[in-house]
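The values are calculated or read from the model by the stated rules, or taken from the named source; none is laboratory data. Small disclaimer: the values here were computed from a predicted structure and weren't measured. Using ideal geometry, Cβ is built from the backbone for each residue, glycine included, and neighbour counts are taken over all protein chains shown.
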Amino acid sequence: MLIRIEILIFLISIWYSLYYIGDLFYGSRIKRIKKQQDRIKKRKEISDKKTSENEDQTSTTKHNGLSPEDIEQLREILGRAQVNKSRGYYDTARNLIVEWLAIDKNSRELNLELAEVYELEKKYKNAEYIYNDILEMHPDNVEVLKRLWNILAFQGELQKSASCYELAHKKKKDDIEVVDILAGTYFELKNFKKCLTYAKLFLKDKPRDVEKLGMKWYCLEKHSDYEGAISCYHKILEIQPYNSEIKDRIQKLELKL
């Protein structure tokens, strides 16, 4: 009976290890991108709330000289557009926004709302054009860069999306989410040199993140840095001491050394 239990535990350990490795490195691109997009969506919601609060406090001069009455009407139109958008009436929402863009075409608020409607309609190229236009007027807006990355990722243009996040990283070095997504994006692109750079940077802030440790040792193996890879394996074992797959990989790499 005891032998049977030990065999069962052994089989469960093997299954867990294989599942972990497969999920970490050979999962589909869609799964990894979706995870990143979910993070972007949460951050975007927070950003939208902060943007709305800040814009409520701005002076009327930021609306191209619109009168207080016009600005009040603009808020009302935006509110109606957002209600229609939430109900799935995208045509109505878009028409309301476009009507007011004819009056205040440079309004970031209006353009962001229109881009979001296009996103919901899955007209990603239209949203991409709008985000690029906003960035011409507000080149330091990191949140718009993130939205543009999201749209490019939806279209499968990972190299362009990586470029957006490189810009975002230069503008906001301490944004750990940007570093996280850059590591994942370059891993998908099989650019293991850059993936390693951002994985290391991420691990400085979160040294026990198993996913990034896995990316790091994978990249190190690709560069034949077996000692570095073994060091990463041991760190993973500290977090997952029963990971027999990692133990096997350590033995194989030690033989190579």
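Take the conditions among the aromatic types (Phe, Trp, Tyr), modelled with pLDDT of 85 or more and either within 17 Å of the chain's Cα centre (by Cα) or outside any helix (DSSP H, G or I) (or both) and apply them to TYR118. Does it pass?
It is false that TYR118 is among the aromatic types (Phe, Trp, Tyr), modelled with pLDDT of 85 or more and either within 17 Å of the chain's Cα centre (by Cα) or outside any helix (DSSP H, G or I) (or both).
Identify all residues within the stretch 208-247 that are acidic (Asp, Glu) and free of Cβ contacts under 8 Å to residues at least 60 places away in the same chain; write none if there are none.
ASP209, GLU221, ASP225, GLU227, GLU238
I'd like the residue in the stretch 69-110 that is hydroxyl-bearing (Ser, Thr, Tyr) and touching a residue at least 24 places away in the same chain (Cβ under 8 Å) and, out of all such residues, is surrounded by the most Cβ atoms within 10 Å (Cβ to Cβ).
SER107
Which residue is farthest from ARG75 (Cα to Cα), if the candidates are limited to the stretch 120-129 and must be surrounded by fewer than 20 Cβ atoms within 10 Å (Cβ to Cβ) and in contact with a helix residue (DSSP H, G or I) (Cβ under 7 Å, 6 or more places away or on another chain)?
TYR124
Looking only at the stretch 128-143, count every residue that is under 19 Å from the mean Cα position of the chain (by Cα), in a helix (DSSP H, G or I) and charged (D, E, K, R) and tell me the total.
2
For a quick check of your reading: which helices (runs of 4 or more DSSP H) sit entirely within the stretch 144-226 and have at least 2 residues that are acidic (Asp, Glu) and either in contact with a strand residue (DSSP E or B) (Cβ under 6 Å, 6 or more places away or on another chain) or more than 24 Å from LYS125 (Cα to Cα) (or both)?
By residue number, 176-188, 210-222.
Of everything in the stretch 85-101 that's part of a helix (DSSP H, G or I) and of a type in the set (Lys, Arg), which residue is farthest from GLN73 (Cα to Cα)?
Per the stated criteria, the residue is LYS85.
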